[in-house]
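*Asks:* Take this structure, written in structure tokens, and hold onto it; I'll ask about it next.
What follows draws every value from the coordinates through simple rules; no lab data is involved. All values derive from a computational prediction rather than experimental measurement. A quick note on method: Cβ atoms are made from the backbone with ideal geometry, for glycine too, and the neighbour counts reach across all protein chains shown.
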């Protein structure tokens, strides 16, 4: 099968932990896969043929600008995936055969906009994000976000602990997660941390949803572990208290990720559509 994956920006493809590269690495095991990037000097990269007239059996498209740009391409079937409710680029528009949402929150927003969609969770490369040991007592905290809000809060909350702050789209995410006992992050970062067997706390610029547990995950995933499910605005003392109260070195949720976010399963679900 000839498949086209589409994304908005080349820089977001750096590192195998991104959604597009995770899917590319999985799908290319058995299929011919090209990657289309809407911005940048080269619109068609990692391509077997750089001809927009090439015929594709399937395009899995992120961002509405890509959906619009590929309207005239020779594609038999188009699937549009929305990853959020706020960014303009995630809003649905006509042109796809099937619409996919990564969470119940996104599905609801798509429905309000007039588009029915199927929920497929974020795909995680579980053979890449593999477990390492954690300390019985919390020692190492990783703060990971595309933005780094409230640096002073992070520093105060982490007083007395080994702390690492990772921002932006950069390499080394897996190594940082495997170093940590607790990962404070949001979205895909939460699922990657759980795949590494780590404790995870949902912390984002828009709010904090707290520690991820087997009891809380079904609620937190409704908003893709974005910090919008509850949106608590904790101060450093409260965050630190939650760290110590919520940390459990025996908590291992990799099994949940293998069942719900494994890229092998998610790829099959895309084909089943």
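*Asks:* Could you list 129, 24 in order of exposure, starting from the residue whose Cβ has the fewest other Cβ atoms within 10 Å?
*Replies:* By the 10 Å Cβ count, ascending: 24, 129.
*Asks:* Roughly what would the spin-label model give for residue 151 and residue 132, points 7 Å off Cα along C-beta, in nm?
*Replies:* Taking the simple label geometry, residue 151 and residue 132 are separated by 2.5 nm.
*Asks:* Which order do the peptides 223-236, 107-120 come out in when sorted by mean C-beta neighbours inside 10 angstrom, highest first?
*Replies:* 223-236, 107-120
*Asks:* Further, regarding this structure: Multiply the residue separation of residue 241 and residue 77 by 0.36 nm, subtract the distance between their alpha-carbon atoms, and state the gained length in nm to one decimal.
*Replies:* Extra length available between residue 241 and residue 77 comes to 54.0 nm.
*Asks:* Take every DSSP beta bridge with both residues inside the chain and express the antiparallel ones as a percent of the total, to the nearest 5.
*Replies:* The antiparallel proportion sits near 15 percent.
*Asks:* Against the globular-protein guess of 2.2 N^0.38 Å, express the Cα radius of gyration of region 86-152 as a ratio, rounded to two decimals.
*Replies:* 1.66
*Asks:* Here is a follow-up. In whole angstrom, note down how far apart the Cα centers of region 148-217 and region 255-273 are.
*Replies:* Region 148-217 and region 255-273 have Cα centres spaced 23 Å from each other.
*Asks:* Rounded to the nearest 0.05, what FRET efficiency do residue 232 and residue 111 give with R0 = 22 Å and r taken as the Cβ-Cβ distance? Could you check?
*Replies:* 0.25
*Asks:* By counting other Cβ atoms within 10 Å of each Cβ, how are 99, 256, 191 ranked from fewest to most?
*Replies:* Going from sparsest to densest Cβ surroundings: 256, 99, 191.
*Asks:* Binning at 10 angstrom from zero up to the longest distance, how are the C-alpha pair distances of region 150-239 distributed in percent?
*Replies:* Values per bin, smallest distances first: 17, 51, 31, 1.
*Asks:* Then there is this: How far is helix 236-246 tilted off the main Cα axis of the chain, in degrees rounded to 10, range 0 to 90?
*Replies:* Around 90 degrees separate the two axes.
*Asks:* How large are Rg and Dmax for the chain when calculated on the C-alpha trace, in angstrom?
*Replies:* 19.0, 59
*Asks:* In deg cm²/dmol and to the nearest 500, what is the mean residue ellipticity at 222 nm of the chain if only DSSP H runs of at least 4 residues count, each as -39500 (n - 2.57), divided by the residue total?
*Replies:* -7500 deg cm²/dmol
*Asks:* Between 0 and 90 degrees, rounded to the nearest ten: what's the tilt of helix 263-272 against the longest Cα principal axis of the chain?
*Replies:* The angle comes out near 40 degrees.
*Asks:* Also: Starting from 0.36 nm per residue, how many nanometres of slack lie between residue 205 and residue 39 once their C-alpha separation is accounted for?
*Replies:* Once the chain is fully extended between residue 205 and residue 39, it gains 57.1 nm.
*Asks:* Percent of alpha carbon pairs in region 79-190 separated by more than 23 Å?
*Replies:* Of all Cα-Cα pairs in region 79-190, 46 percent lie more than 23 Å apart.
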